[in-house]
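Participant: The structure is given below, and queries will be raised subsequently.
The values are calculated or read from the model by the stated rules, or taken from the named source; none is laboratory data. Because the structure is predicted, anything quoted here is derived from the model rather than measured. No Cβ is skipped: glycine too gets one built from the backbone with ideal geometry, and neighbour counts run over all protein chains shown.
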Amino acid sequence: MPAQSSPAPSPTAALSIDRLVKEFPARRRRPAPGPGAARAEVVQAVDGLSLTARHGEVTALLGPNGAGKTTTLECAQGLQRPTSGTVRLLGQDPWRASPALRARVGVMLQDGGLPQAVRPLELLRHVASLYRAPRDMDELVERLGIASFDRTVVRRLSGGQRQRVALAAALAGDPEVVFLDEPSAGMDPQSRNIVFDLVQQLRREGVCIILTTHLLDDAQRLADQVYIVDHGRVMAQGSVAELVAPGADAPAVLALTLAPGQVGAGPFPWDAPEFAGIQTTRTERTVTLTGPLTPVLLEAVTRWITTTGTMPEALSLQPRTLEDVFLDISGREIR
Amino acid sequence: MTPPTTAPATPAVRTPAPLARRVAAQARFEAMAMLRNGEQLLLLVVLPLMALAALTLTGLLDGVVPAGATRVDVAVPGVLALCVLSNAFSGQGIQTGFDRRYGVLRFLSTTPLGRGGLIAGKLLAILAVLVVQYVLVAAVGAALGWRPEPAAVLLSVPVLLLGAATFTGLGLLLAGTVRAEATLAVTNLVWVLLAAVGGTLFPATTLPAGPAGLVGLLPSGALGAGLRETFLTGAPSLLPLLVLAGWGAAAWAGAVRWFRWS
């Protein structure tokens, strides 16, 4: 029975990863040239990554393909043994997970991990039978729209349908911690909304959700905490709001859409030395200025418009997005 | 962002089903998957029964039928050996190979079933399928005039179990180390070769003297010989059992050492 005036308990860490390193032996395409090459060559998939994920929160690992997101998750799920560093899942070592620990954790793998020759409901009933008190699968099946394709074996399902079955399988044990590896991959917008609603409901129920995505929109819509990951390291972390506006001098974005041919015509005021802190990105018809936007810069842009008589098709000031953050950090496109 | 709520209550609810129930559920799931797959059913039941009919109704085995026995007496033990190959080696090998390819092994090892439960479920599924195979072969054999000694039927069980254990090890070794398509191709090819000249359906004595000795050292030849001795002379001799055990120990050691789950 809870005390009457107890404050809301602070969120507890369901998963904590400390300086995780995972190395794989390098896959050699050609035979080793000589005995000198016998030394172990390794690929560092995860390179000192630390992370905390709490109950009642969605924690997103955001990064390009090959960033080390899936390997990190696999170490947290007990599918890979860390080379060094520690992983604690609900206070225990996932590599030595007991059935009791695994019963509290749900996993949706990137490739689904579903047997191909069975029908969805049959599979879900089987997975549910591995738990003493499974979730009400009928409700889940209806909610995820699985009943509509239950007559089809898994092999013949679309990617999005398979993802929904894999999600239902991950939730069969009514878990406290859920891992979702690229949950929206291959999903149409409608399925994506259904899945996102479900994730948000789980969060309200206090479930700890850890997901990976290379879609900024996923992270922006769902995540309480975002870890931007690249080269096996955390490049930045925080809430979406914190990452997008880190301080008072928050950079914003000025986007200018011009007629074809005008983008290349210079000189432009933003190329002047006084605006050295501004990053310029050009496409065929747009110029995007990112950095510390000031009234002086805005004045210079509009003066250029007046003096050259160039009427832009669009001119807008935008808040930073996670993509801008990512570009700032890694200098490369996220997708 | 909504303020975080408490950790989910009543963790006692999130407990695994008892071990025996998890393994039984996996065994049932695997056995059903095998018995409902058309190609698997062909390999597991249809082809062995066709071989039984062919060996009994034609003169293929003439010359190796001992005095006092009939063709079906020689055919049934060979077909049972073939059933073990179809089931433990080809059937489970192919199923495990594709499960590995599609990440099923990884997914199930994150559930309360775990890796140990998954392997136990597969072994139990093989036994369940073997029971179905034995019943069907015995029924068709009986219709063709097979009248075994009850003691021999009883004694055939441990021989079949040893064979199943050995071929499961070989199947898992293959499925866990090469690509799924390679497992499919190799198990089917090996099945055909061992059925034809591996000492399963046809005793080694039907082969030229040189190869005959080698066939006795194959797991297929040892299992075929062990089963034929059980039914025709009342008990298997030691050599085939030792050969089977040796292959089994090596295969399982290799599987434990080299099996990759992904």
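Participant: Out of everything in the range A:88-109 that is in a loop (DSSP other than H, G, I, E, B) and out of contact with any helix residue (DSSP H, G or I) (no Cβ under 6 Å at 6 or more places or on another chain), what residue ends up being farthest from B:Gln95 (Cα to Cα)?
Facilitator: Checked the range A:88-109; the qualifying residue farthest from B:Gln95 (Cα to Cα) is A:Gly91.
Participant: Restricting attention to the range B:174-194, which residues are among the aliphatic types (A, V, I, L, M) and buried (at least 23 other Cβ atoms within 10 Å of the Cβ)?
Facilitator: Answer for the range B:174-194, where residues must be among the aliphatic types (A, V, I, L, M) and buried (at least 23 other Cβ atoms within 10 Å of the Cβ): B:Leu174, B:Ala175, B:Leu194.
Participant: Please work out if A:Ala147 is touching a strand residue (DSSP E or B) at 6+ places or on another chain (Cβ under 9 Å) and either touching a residue at least 40 places away in the same chain (Cβ under 8 Å) or in the same structural domain as A:Arg54 (by TED's automatic domain parsing) (or both).
Facilitator: Numbers: touching a strand residue (DSSP E or B) at 6+ places or on another chain (Cβ under 9 Å): no; either touching a residue at least 40 places away in the same chain (Cβ under 8 Å) or in the same structural domain as A:Arg54 (by TED's automatic domain parsing) (or both): yes.
No, not satisfied.
Participant: Return a yes/no flag: does the range B:239-251 have any residue that is over 24 Å from B:Thr96 (Cα atoms) and out of contact with any helix residue (DSSP H, G or I) (no Cβ under 7 Å at 6 or more places or on another chain). Please lay out each step first, then the result.
Facilitator: As a first pass, look at the range B:239-251 and keep what is over 24 Å from B:Thr96 (Cα atoms): B:239-243.
Now restrict to residues that are out of contact with any helix residue (DSSP H, G or I) (no Cβ under 7 Å at 6 or more places or on another chain): B:239, B:242.
Yes: the range B:239-251 contains one or more residues that are over 24 Å from B:Thr96 (Cα atoms) and out of contact with any helix residue (DSSP H, G or I) (no Cβ under 7 Å at 6 or more places or on another chain).
Participant: Do the conditions hold for A:Arg81, that is, is it more than 9 Å from chain B (Cβ to nearest Cβ), in a loop (DSSP other than H, G, I, E, B), more than 20 Å from A:Thr213 (Cα to Cα) and free of Cβ contacts under 8 Å to residues at least 24 places away in the same chain?
Facilitator: Details: more than 9 Å from chain B (Cβ to nearest Cβ): yes; in a loop (DSSP other than H, G, I, E, B): yes; more than 20 Å from A:Thr213 (Cα to Cα): yes; free of Cβ contacts under 8 Å to residues at least 24 places away in the same chain: yes.
Criteria met by A:Arg81.
Participant: Output the qualifying pairs, or none if there are none: Cβ atoms under 6 angstrom, residues six or more apart or on different chains, first residue in the range B:149-167 and in contact (Cβ under 8 Å) with a residue 60 or more places away in the chain and under 20 Å from B:Ile94 (Cα atoms), second residue assigned to a helix (DSSP H, G or I) and not aliphatic (A, V, I, L, M).
Facilitator: So the pair list comes out as B:Ala165/B:Gly248; B:Thr166/B:Pro219; B:Thr166/B:Trp247; B:Thr166/B:Gly248; B:Phe167/B:Phe89.
Participant: Let me ask something additional. Mind listing just one residue for me: the one in the range A:124-153 that is within 8 Å of chain B (Cβ to nearest Cβ) and assigned to a helix (DSSP H, G or I) and, of those, farthest from A:Leu79 (Cα to Cα)?
Facilitator: So the first thing to find is which residues in the range A:124-153 are within 8 Å of chain B (Cβ to nearest Cβ), and the list is A:126-127, A:129-133.
Subset that is assigned to a helix (DSSP H, G or I): A:126-127.
Values: A:His126: 21, A:Val127: 18 Å.
My answer is A:His126.
Participant: Filter the range B:134-148 down to residues that are free of Cβ contacts under 8 Å to residues at least 24 places away in the same chain and more than 22 Å from B:Ser86 (Cα to Cα) and give me whichever is surrounded by the most Cβ atoms within 10 Å (Cβ to Cβ). Lay out the reasoning, then the answer.
Facilitator: Narrowing the range B:134-148 to residues free of Cβ contacts under 8 Å to residues at least 24 places away in the same chain: B:135, B:139, B:142-143, B:147.
Then drop every residue that is not more than 22 Å from B:Ser86 (Cα to Cα), which leaves B:143, B:147.
Numbers: B:Ala143: 12, B:Arg147: 9.
So, considering only residues that are free of Cβ contacts under 8 Å to residues at least 24 places away in the same chain and more than 22 Å from B:Ser86 (Cα to Cα), the one surrounded by the most Cβ atoms within 10 Å (Cβ to Cβ) is B:Ala143.
Participant: Continuing with this model, one more query. Report yes if A:Gly159 is under 21 Å from B:Ser262 (Cα atoms) and away from chain B (no Cβ under 13 Å), otherwise no.
Facilitator: On the way: under 21 Å from B:Ser262 (Cα atoms): yes; away from chain B (no Cβ under 13 Å): yes.
Yes, satisfied.
Participant: Can you tell me how many residues within the range B:159-208 are touching a Gly at 6+ places or on another chain (Cβ under 9 Å), under 25 Å from B:Leu239 (Cα atoms) and outside any helix (DSSP H, G or I)?
Facilitator: Here the count works out to 7.
Participant: Let me ask another. Restricting to the range A:298-313, what's the tally of residues that are in contact (Cβ under 8 Å) with a residue 24 or more places away in the chain and surrounded by 13 or more Cβ atoms within 10 Å (Cβ to Cβ)?
Facilitator: The total comes to 6.
Participant: Could you run through the range A:91-123 and say how many residues are on the phi > 0 side of the Ramachandran plot and either in contact with a Cys (Cβ under 9 Å, 6 or more places away or on another chain) or more than 9 Å from chain B (Cβ to nearest Cβ) (or both)? Can you show your working first?
Facilitator: Going residue by residue through the range A:91-123, those that are on the phi > 0 side of the Ramachandran plot are A:91, A:112-113.
Still in the running and either in contact with a Cys (Cβ under 9 Å, 6 or more places away or on another chain) or more than 9 Å from chain B (Cβ to nearest Cβ) (or both): A:91.
The number of residues fulfilling the criteria is 1.
Participant: Next question, about the same structure. Does B:Pro112 satisfy the criteria of being outside any helix (DSSP H, G or I), away from chain A (no Cβ under 14 Å) and over 17 Å from the mean Cα position of the chain (by Cα)? Explain how you work it out, then say what you get.
Facilitator: On the way: outside any helix (DSSP H, G or I): yes; away from chain A (no Cβ under 14 Å): no; over 17 Å from the mean Cα position of the chain (by Cα): yes.
No.
Participant: State all residues of the range A:173-191 that are among the charged types (D, E, K, R) and over 15 Å from A:Leu140 (Cα atoms); if no residue qualifies, say none. Explain how you work it out, then say what you get.
Facilitator: From the range A:173-191, those among the charged types (D, E, K, R) are A:174, A:176, A:181-182, A:188; that's our starting set.
Once the filter is applied, which keeps residues that are among the charged types (D, E, K, R) and over 15 Å from A:Leu140 (Cα atoms), the range A:173-191 yields A:Glu176, A:Asp181, A:Glu182, A:Asp188.
Participant: Now, a different point. Within the range B:212-238, how many residues turn out to be part of a helix (DSSP H, G or I) and either exposed (fewer than 13 other Cβ atoms within 10 Å of the Cβ) or touching a strand residue (DSSP E or B) at 6+ places or on another chain (Cβ under 9 Å) (or both)? Talk me through it step by step, then tell me what you get.
Facilitator: We begin by selecting, within the range B:212-238, every residue part of a helix (DSSP H, G or I); these are B:212-216, B:219-233, B:238.
If we keep only those that are either exposed (fewer than 13 other Cβ atoms within 10 Å of the Cβ) or touching a strand residue (DSSP E or B) at 6+ places or on another chain (Cβ under 9 Å) (or both) as well, we get B:213-214, B:233, B:238.
Matching residues across the range B:212-238 total 4.
Participant: Out of B:Arg101, B:Arg71, B:Arg115, which single residue is in contact (Cβ under 8 Å) with a residue 24 or more places away in the chain and in contact with a Ser or Thr (Cβ under 7 Å, 6 or more places away or on another chain)?
Facilitator: Working: B:Arg101 fails: in contact with a Ser or Thr (Cβ under 7 Å, 6 or more places away or on another chain); B:Arg71 fails: in contact (Cβ under 8 Å) with a residue 24 or more places away in the chain.
One residue alone meets the criteria, B:Arg115.
Yes or no, residue by residue, for (1) farther than 25 Å from A:Ser16 by Cα; (2) within 13 Å of chain B (Cβ to nearest Cβ); (3) among the aromatic types (Phe, Trp, Tyr); (4) within 17 Å of the chain's Cα centre (by Cα):
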{"site": "A:Ala172", "(1), (2), (3), (4)": "no, yes, no, no"}
{"site": "A:Glu176", "(1), (2), (3), (4)": "no, yes, no, no"}
{"site": "A:Asp181", "(1), (2), (3), (4)": "no, yes, no, yes"}
{"site": "A:Ser184", "(1), (2), (3), (4)": "no, no, no, yes"}
{"site": "A:Asp188", "(1), (2), (3), (4)": "yes, no, no, no"}
{"site": "A:Gln201", "(1), (2), (3), (4)": "no, yes, no, no"}
{"site": "A:Ile209", "(1), (2), (3), (4)": "no, yes, no, yes"}
{"site": "A:Thr212", "(1), (2), (3), (4)": "no, no, no, yes"}
{"site": "A:Leu215", "(1), (2), (3), (4)": "no, no, no, yes"}
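Participant: Consider B:Phe98 against the criteria (1) within 14 Å of the chain's Cα centre (by Cα); (2) within 14 Å of another protein chain (Cβ to nearest Cβ); (3) not β-branched (Val, Ile, Thr): it satisfies all of them except one. Which criterion is unmet?
Facilitator: The failed condition is (1).
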